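Reviewing the structure listed below.
The values are calculated or read from the model by the stated rules, or taken from the named source; none is laboratory data. Source: prediction; values computed, not measured. Using ideal geometry, Cβ is built from the backbone for each residue, glycine included, and neighbour counts are taken over all protein chains shown. Surface accessibility is based on the protein's heavy atoms, side chains included, excluding ligands, DNA and RNA. Shrake-Rupley method; radii C 1.70, N 1.55, O 1.52, S 1.80 Å.
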Amino acid sequence: MGQNNLKASIDVDIGGTFTDALIKWNEKTVFTKTPTTNYNLSVGFIKAIREAATRLETDVPTLLQNTDLIRYSTTIAMNKLLEKKGPRLGLITTSGFEDTIFVGKGAQWADGLPVRERRNVARAQRPEPLIPRDLTVGVHERIDSNGVVVGPLIESDVIDKLTYLVDQGVRGIVVSLLWSYLNPIHERRIREIMRTLYPDCYLGNIPIFLSSEVLPKRFEYTRTITTVLNAYLHQAMWEELLGMSEELRKQNFKRSLMMVHNSGGMAEVYKTSAVQTYNGGPVAGLLGAAHLGKQMDIQDLIVADMGGTSFDLSIVEKGSPRSSISQPLIDRWQVGIAMLETRSIGAGGGSIAWLNDTAGLQVEVGPRSAGSMPGPAAYDQGGNAPTVTDADVVLGYLNPDYFHGGQLQLNPDRARTVIQKEIARPLGLTVEQAAILIRRVIDAKMGYTLFKETALRGYDSRLLPLFAGGGAGPTHCVGIAQYAHISRILTFPFSPVFCAFGSANMDVRHVYELSSRVQILAPGGKEWLQEYDAFNHIVSDLKDKALRDIKGEGLPVQDVMFELELDMMFGGQLNIKRTSSPCLELKKHEDIQALYHSFVEAYSKAYSPVSVFPAGGVIIHNFILHAILRKTRLNLPAYPLQNETPSLSALKQPRPVFWKEYPDFVETAIYEEEKLQPGNVIHGPAIVEAPNTTTVIPPAWRYSVNKFRIGVIEKQESFGEREV
């Protein structure tokens with residue numbers, strides 16, 4: 001078969017510092033890293049694909065013409081929200097409830113804050129609202145909790161309020177009325193009035209977002225906040241993605257761009273809401289780690305990705321990455337969308353080190369980052385703040401002549417100068433001592449975060465392996481592990497593009513949610529649901545919507561698989577537990593029994609068997625349908641094990657490296673990762689270099705290559721005869 005008849009797949013993850021691409025074509029897989037071009041993301045996007053095409057000995061138009069699927073994860077949403085540079089928005093709600101998002105929930109003052117700031121109750125402040133109070137208006141209408149119209153929509157009032165908001169210069173309108181997810185008639189009518197007043201040909205025409213479409217679920221606060229966030233991020237994402245889509249079309253790509261969602265699913269870009277893309281990259285990395293764990297028979301693991309800007313971590317439990325957050329947050333706002341659980345902090349290779357004057361010149365690292373432009377001082381692009389990468393260069397961990405495979409020449413003298421000026425001199429330290437201090441602070445920050453998150457999930461970090469991803473992950477993984485009490489670490493040939501690898505192993509998964517109250521067990525615990533039509537009708541409607549979307553994307557509807565989850569609770573209790581349903585529709589009493597037992601098992605595990613309360617009855621509140629198209633996975637080939645001693649060809653020129661265990665620089669062995677063979681063992685101190693990452697092996701640790709060509713780092717005292 002000729003090369004042009006084969007289909008390629010492209011996976012791109014755009015982070016705050018680097019754009020990662022992983023491409024599979026003609027039975028060959030390559031990956032590249034290029035600096036993120038924040039002024040126009042499509043530039044770095046196409047550059048990453050161009051570099052990969054060169055390695056595949058083809059050009060971009062030919063590669064894209066033969067590409068079946070492009071999956072794309074991004075931090076656009078996260079960055080725009082942090083910058084608070086969204087458009088001016090207006091909010092229309094039910095009259096009398098204009099203060100709902102400003103009153104908020106009891107935990108709103110603490111949501112999204114570090115523990116240290118949560119404890120400072122006297123100074124705690126609620127987040128600045130994305131829509132000010134003077135741009136929030138109420139209209140006269142009312143729908144009750146059963147979806148029945150009890151107060152008609154006063155259209156003259158709607159016209160007055162819309163005119164007022166447009167006159168105030170809003171560039172988008174959010175409509176969130178009470179109980180609209182049960183009956184969206186009034187929200188839809190407001191949109192119709194808006195389109196009549198300001199048709200597409202008028203300058204006053206602006207996008208309008210309905211909560212009943214963005215999030216058709218109960219709880220007006222989270223429904224409204226989710227819709228507000230979606231509207232706030234929509235324009236920026238539309239502009240970025242439109243430019244990317246146009247560039248792809250110019251280069252011969254005729255299909256839709258697929259966006260990775262934070263639910264663990266994906267959909268084409270034109271059927272993706274902005275909030276669904278938030279944190280999509282770390283979620284892709286989580287799914288990739290779960291896939292690798294299954295291949296190596298590792299059921300429970302920690303995955304951590306340290307890039308240039310952020311440190312993302314998550315946990316795979318019993319082989320499953322699908323641990324949804326019960327109260328998901330985006331920045332400092334609680335939202336109602338289904339999100340897989342990940343944790344991110346501002347810690348990466350570009351994190352800036354600084355002295356905290358109020359804490360007695362204490363060294364802090366992050367959350368501010370130098371990004372890709374100007375980048376760390378060692379990049380010699382105008383950066384004048386010391387970063388983690390600068391410390392790694394000064395200590396000899398990074399090879400100035402081999403950074404990104406030699407494509408970016410580092411300037412060690414520049415790194416020494418900024419660390420001397422900003423950290424060493426004020427503290428009376430040598431440059432090396434200051435650099436070691438920067439590493440200790442950033443490693444401790446990441447390690448303690450990892451330890452805390454693992455403990456809060458009920459796991460002992462000493463028993464879990466750490467999967468180290470990201471360009472800076474292998475460089476700092478041992479330091480992180482020491483603070484988190486982890487004794488076993490795995491690094492991968494594709495660690496620098498771990499999130500892109502994760503998306504390459506994702507199925508096409510669409511997630512559909514709808515709130516509706518169905519009582520499957522009446523109070524008293526004896527009377528079961530007899531009429532199944534309400535349950536089955538909801539699932540049928542969600543399935544129809546899923547099949548319609550998948551068909552519209554040109555995907556084979558006959559291959560779709562469905563999974564159903566339900567948010568359920570016992571009557572008289574507050575806790576809601578998401579439960580996998582054993583059946584898609586209810587046909588007989590045994591189906592109800594199976595659903596009940598599935599819920600009881602999940603609820604008992606989460607809240608203990610003592611909390612099971614059938615006398616209160618059992619209620620379904622939310623339906624979550626997953627429509628899945630299975631895709632081919634990238635499985636790692638197994639190789640025969642060779643001798644423990646690496647070949648001489650794997651050794652590079654040794655160089656002095658400063659280890660905290662020694663008082664001065666030590667001449668250290670340097671190895672080329674690509675030339676190491678399965679079965680090779682390296683004892684620290686040593687450095688293993690690859691074009692896009694560097695693995696640091698301190699004294700008292702050893703590095704071995706397993707049969708999958710994966711690096712395994714262990715403490716010297718933990719050696720044993722084990723198969724990885």
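Ranked from the most accessible area to the least, with a 1.4 Å probe and all protein chains present, what is the order of 105, 526? Write out the running numbers ahead of the final one.
Values: 105 85, 526 180 Å².
Most to least solvent-accessible, the answer reads 526, 105.
Suppose accessible area is computed on protein heavy atoms with a 1.4 Å probe; arrange 507, 380, 68 from highest to lowest. Don't skip to the answer; put the middle values down first.
Numbers: 507 10, 380 95, 68 70 Å².
Descending accessible area places them as 380, 68, 507.
Specify, per residue and in Å³, the volume enclosed by the convex hull of the alpha carbon atoms belonging to the range 284-374.
Working: hull volume 13.1 nm³, N = 91.
Once divided by residue count, the hull of the range 284-374 is 144 Å³.
At what distance in nm do the modelled label points of residue 630 and residue 644 sit from each other, each positioned 7 Å from its Cα along Cα→Cβ?
In this crude label model, residue 630 to residue 644 measures out at 4.2 nm.
Rg over Rh of the range 164-291, using C-alpha atoms and the Kirkwood radius, what does it come to?
Numbers: Rg = 17.0 Å, Rh = 16.5 Å.
Checking Rg against Rh, the ratio lands at 1.03.
Given contacts defined as C-alpha pairs under 8 Å and at least six residues apart, what's the relative contact order of the range 115-246, whole-number percent? All intermediate terms of the calculation are to be shown ahead of the outcome.
Details: 131 pairs, mean separation 28.5, N = 132.
Relative contact order, the range 115-246: 22 percent.
To the nearest 20 debye, what is the magnitude of the charge dipole of the chain about its Cα centre, counting +1 on the Cβ of each Lys and Arg and -1 on the Cβ of each Asp and Glu?
On the way: 75 positive and 79 negative charges, 50 e Å.
For the chain, the charge dipole is close to 240 debye.
Give me the accessible area of residue 403, 1.4 Å probe, in Å² rounded to the nearest 10.
30 Å²
Could you work out how much longer the chain between residue 68 and residue 551 gets when fully extended? Use 0.36 nm per residue separation minus the Cα distance between them, nm to one decimal. Please report the intermediate quantities before stating the final value.
Numbers: separation 483, 0.36 × 483 = 173.88 nm, distance 1.60 nm.
Result: 172.3 nm gained on full extension.
For residue 462 and residue 409, what is the calculated FRET efficiency with R₀ set at 25 Å and r taken between the beta-carbons, to the nearest 0.05? Display every interim value, and only then the final one.
Values: r = 41 Å, r/R0 = 1.64.
Efficiency, from the Cβ-Cβ distance: 0.05.
Which percent, to the nearest 5, of DSSP beta bridges fully inside the chain are antiparallel?
Details: 86 of 118 bridges.
If I count the DSSP bridges inside the chain, around 75 percent turn out antiparallel.
Could you pull the accessible area for residue 389 with a 1.4 Å probe, rounded to 10 Å²?
My reading of the accessible area for residue 389 is about 10 Å².
Could you point to the residue in 423, 168, 396 farthest towards the positive end of the chain's charge dipole, with +1 and -1 charges on the Cβ of Lys/Arg and Asp/Glu respectively?
423
Return an integer: the convex hull volume of the alpha-carbon atoms of the range 652-706, in Å³ per residue.
Working: hull volume 4.1 nm³, N = 55.
For the range 652-706, the hull spanned by Cα atoms encloses 75 Å³ per residue.
Which three extents, in angstrom, do the Cα atoms of the range 327-440 have along their principal axes, listed largest first?
50, 40, 22
Which distance in nm do the two modelled labels at residue 238 and residue 59 give, with both placed 7 Å along the Cα-to-Cβ direction?
The modelled label-to-label distance comes out at 3.5 nm.
What whole-number value in Å² describes the accessible area per residue of the range 442-547 for a 1.4 Å probe? Provide the component values of the computation, followed by the final result.
Working: 3730 Å² over 106 residues.
It amounts to 35 Å² per residue over the range 442-547.
How much accessible surface does residue 270 have with a 1.4 Å probe, in Å² rounded to 10?
That residue has around 140 Å² of solvent-accessible surface.
Averaging sequence separations of C-alpha pairs under 8 Å and six or more residues apart, then dividing by the length of the chain, give the relative contact order as a whole percent.
On the way: 1548 pairs, mean separation 80.4, N = 724.
Relative contact order, the chain: 11 percent.
Quickly rank 466-478, 290-302 as a protection proxy: mean count of other C-beta atoms within 10 Å, highest first.
Details: 466-478: 28.0, 290-302: 18.9.
Going from most to least packed, we get 466-478, 290-302.
Per-residue counts of other Cβ atoms within 10 Å, averaged by peptide: what ranking do you get for 420-429, 214-223, 594-603, 8-17, highest first? Could you put the intermediate results ahead of the total?
Details: 420-429: 16.3, 214-223: 21.5, 594-603: 18.1, 8-17: 26.5.
The densest-packed peptide leads the list: 8-17, 214-223, 594-603, 420-429.
With an 8 Å cut-off on Cα pairs and a minimum separation of 6 or more residues, tell me the relative contact order of the range 13-164 in percent. Intermediate results must be reported in sequence, preceding the final value.
Values: 156 pairs, mean separation 24.8, N = 152.
Averaging sequence separation for qualifying contacts and normalising by length gives 16 percent for the range 13-164.
How large is log10 of I(q)/I(0) for the range 619-670 at q = 0.15, 0.20, 0.30 Å⁻¹ when the intensity is taken from the Debye formula with one equal scatterer per alpha-carbon?
For the range 619-670, the Cα-only Debye profile gives -0.75, -0.95, -1.16.
Based on alpha-carbon atoms only, what is the radius of gyration of the range 585-724 relative to the globular estimate 2.2 N^0.38 Å? Intermediate values should be presented prior to the final figure.
Numbers: Rg = 26.3 Å, N = 140, 2.2 N^0.38 = 14.4 Å.
Ratio of Rg to 2.2 N^0.38 Å for the range 585-724: 1.83.
Give the cross-link partners of residue 660 among the lysines, using a straight C-alpha distance below 17 Å as the criterion and excluding same-chain residues fewer than 8 apart.
Cα-Cα hits under 17 Å: 715.
Taking 45 Å as R0, compute the FRET efficiency from the Cβ-Cβ separation of residue 661 and residue 604 and round it to 0.05.
Details: r = 48 Å, r/R0 = 1.07.
FRET efficiency, residue 661 to residue 604: 0.40.
Rank these residues by their accessible area, most exposed first, probe 1.4 Å: 130, 547. All intermediate terms of the calculation are to be shown ahead of the outcome.
Working: 130 25, 547 55 Å².
Highest to lowest solvent-accessible surface, that is 547, 130.
Please list, in order, the residues from the range 166-202 whose amide nitrogen is less than 18 Å from a point placed 7 Å along the Cα→Cβ vector of residue 537.
Within reach of a label on residue 537: 180-185.
Tell me, what % of the accessible area of the chain is carbon and sulfur with a 1.4 angstrom probe?
Values: 15440 of 30730 Å².
C and S fraction of accessible area: 50 percent.
Counting only Cα atoms, I'd like the Rg/Rh figure for the range 418-572, Kirkwood definition for Rh.
My calculation puts Rg/Rh at 1.21.
So I have (i) 27.0, 91; (ii) 25.3, 74; (iii) 27.0, 83, and one of them is Rg and Dmax of the Cα atoms in Å calculated from this model. Which one is it?
Among (i) 27.0, 91; (ii) 25.3, 74; (iii) 27.0, 83, the one derived from this structure is (iii).
Pull out the extension gain between residue 40 and residue 150, defined as 0.36 nm times the separation in residues minus the alpha carbon to alpha carbon distance; nm, one decimal. List each step's numbers first, then the result.
Values: separation 110, 0.36 × 110 = 39.60 nm, distance 4.98 nm.
Gain in length upon complete extension: 34.6 nm.
Which length gain, in nm to one decimal place, applies between residue 530 and residue 584 when the Cα-Cα distance is subtracted from 0.36 nm times their residue separation?
Going from the current span to full extension adds 17.8 nm.
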